Amino acid sequence: MKVLVINAGSSSLKYQLYNMTDESVLAKGLVERIGMDSSILTHKPTGREDVTEVSEILEHTTAIRKVIDMLTDKENGVLGSVDEIQAVGHRVVHGGEAFKESALVDDVAKAEIRRLFDLAPLHNPAAMMGIRAAELNMPGVPQVMVFDTAFHQTMPEKAYLYAIPRVLYKKYKVRRYGAHGTSHDYVSKAAAEYLDRPLQDLKIITCHVGNGGSVTAVKGGLSVDTSMGMTPLEGLMMGTRSGDLDPAIVPYVMNKEELSVSEVNSMLNKHSGLLAISGISSDMREITEGMENGDANSTLAFEMYEYRLRKYIGSYAAAMNGVDVIVFTAGVGENSVVLRQKVCEQLTYLGVELDEALNAIRSGEPRRITTSNSKVDVLVVPTNEELVIARDTHRIVLNSQ
Ligand code: AMP
């Protein structure tokens, strides 16, 4: 079965086409600047030259049509005809409490996603546009939604409720939902497989640290707590997001600076984190470079980022009464040797013993970075959220036939 994976943002659309017989990627790409002038389609057929096309793409339906044209193009395509696409998998950020696992797209599911627009105002409407566009371009082809939140639906009440009046949960479903679920799910399973140990027996802390970041406590294969909250703002310090802060700061600053709700939201989501503290960049590569060149603000930004990540690891070890495996993944987790080193150096109380030579190796494969004496295995596992979406889509469509 050939599965097209779509990750639609408000002005962008990423795609990957899988052949599920061997889970190979036939092509992938990205449409940027949808709705602006000069939209850009970058198409990457596996093993061949990238192709870039600039045109006017006003909305998602045209974007998907362009993607299909490219996938079936005589010169740069990888398909004889669009009919070869037998299923489409969509990344949907927020599944609320309604979706505990991936689901086939139907009218009921779509109505539920619309109800969740409030909880993910930036992301869910974009996913919906992607779904609608795929339906229009590929009528009759089954579509599946894969949610960032679904993996965390196993969290117990004590982890997902906030200590605020319960009526807010009853009326508005204010609670912790978490995010990056497909990634935490994938890397925890991949870690157990790599170690050749049963997932059911393991206490794993997965650190998905990229531009956004979250840490999850995975006990026996289930998410029991996670650092992102009702929205992806809570938890770790991130590229441009503040992460945890005293909630009283929000009304205080709003009052002092006469900020509106959307202004304060923008401040916390787009102008905080590494960017705010370093004053230079939200990109960990530039922060690391600044630190190496002795820039005090970059050094402080790095130290705060590392310290907050390490505190979450400690708190999840406490939550699970121990930890067997710690996994680093995503852009920073997979690539920053120095971040992993600084974190692990202060986890000796858990019995972590870093092997510096192993930590310095770069490879695209799961690997251990601790010594054979280490009481906790620390691994680097490259994440693959698209593959999880393709696998779920494949499984759900097969089961529905
Ligand atoms: P992601 O959101 O998972 O794509 O991660 C993106 C982030 O990974 C970028 O913003 C960078 O800060 C970070 N990153 C990528 N490569 C490196 C590297 N070699 N060292 C440190 N950080 C990196």
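The values are calculated or read from the model by the stated rules, or taken from the named source; none is laboratory data. What you are looking at is a predicted structure, and each value in this text was computed from that prediction instead of being measured. Neighbour counts run over all protein chains shown; Cβ positions are idealised from the backbone, glycine included.
Might you check whether a residue that is among the β-branched types (Val, Ile, Thr), free of Cβ contacts under 8 Å to residues at least 24 places away in the same chain and surrounded by fewer than 17 Cβ atoms within 10 Å (Cβ to Cβ) occurs anywhere in the range 66-87? Spell out how you get there, then give the answer.
Step one: of the range 66-87, the residues among the β-branched types (Val, Ile, Thr) are 67-68, 72, 78, 82, 85.
Within this subset, residues satisfying the condition of being free of Cβ contacts under 8 Å to residues at least 24 places away in the same chain are 72.
Among the residues that remain, those that are also surrounded by fewer than 17 Cβ atoms within 10 Å (Cβ to Cβ) are: none.
No.
Kindly check whether there is at least one residue in the range 306-327 that is buried (at least 21 other Cβ atoms within 10 Å of the Cβ), within 11 Å of the ligand (Cβ to nearest atom) and touching a residue at least 40 places away in the same chain (Cβ under 8 Å). No; the residues of the range 306-327 include none that is buried (at least 21 other Cβ atoms within 10 Å of the Cβ), within 11 Å of the ligand (Cβ to nearest atom) and touching a residue at least 40 places away in the same chain (Cβ under 8 Å).
The condition of being in a strand (DSSP E or B) and within 20 Å of residue 390 (Cα to Cα) does not hold for residue 41. For the range 12-21, the count of residues that are part of a strand (DSSP E or B) and aromatic (Phe, Trp, Tyr) is nonzero.
Just give me the residues in the range 283-305 being among the small types (Gly, Ala, Ser) and either within 16 Å of the ligand (Cβ to nearest atom) or in contact with a Lys or Arg (Cβ under 8 Å, 6 or more places away or on another chain) (or both), in sequence order.
Step one: of the range 283-305, the residues among the small types (Gly, Ala, Ser) are 290, 294, 296, 298, 301.
Scanning the range 283-305 gives 290, 298, 301.
Determine whether residue 250 is closer than 25 Å to residue 277 by Cα, out of contact with any Pro (no Cβ under 6 Å at 6 or more places or on another chain), outside any loop (DSSP other than H, G, I, E, B) and away from the ligand (no atom under 15 Å from the Cβ). When the stated conditions are applied, residue 250 passes them. Residue 60 meets each of the listed conditions (1) at pLDDT below 95; (2) surrounded by fewer than 16 Cβ atoms within 10 Å (Cβ to Cβ) apart from (2). Exactly one residue out of 226, 216 is in contact with a His (Cβ under 7 Å, 6 or more places away or on another chain) and either within 16 Å of the ligand (Cβ to nearest atom) or more than 15 Å from residue 159 (Cα to Cα) (or both): that is 216.
I'd like to verify a number: residues in the range 331-365 that are assigned to a loop (DSSP other than H, G, I, E, B), within 16 Å of the ligand (Cβ to nearest atom), over 18 Å from residue 215 (Cα atoms) and of a type outside the set (D, E, K, R), how many? Show your work before the answer.
Quick first cut of the range 331-365, residues assigned to a loop (DSSP other than H, G, I, E, B) only: 336, 346-347, 351-353, 355, 361-365.
Filter again for within 16 Å of the ligand (Cβ to nearest atom), leaving 336, 361-364.
Next cut, over 18 Å from residue 215 (Cα atoms) only: 361-364.
Adding the requirement that they be of a type outside the set (D, E, K, R) leaves 361, 363-364.
The total comes to 3.
Of the conditions (1) away from the ligand (no atom under 16 Å from the Cβ); (2) of a type outside the set (Lys, Arg); (3) modelled with pLDDT under 95; (4) within 21 Å of residue 344 (Cα to Cα), residue 231 satisfies every one except a single condition; which number is it? Among (1) away from the ligand (no atom under 16 Å from the Cβ); (2) of a type outside the set (Lys, Arg); (3) modelled with pLDDT under 95; (4) within 21 Å of residue 344 (Cα to Cα), the lone unmet condition for residue 231 is (4).
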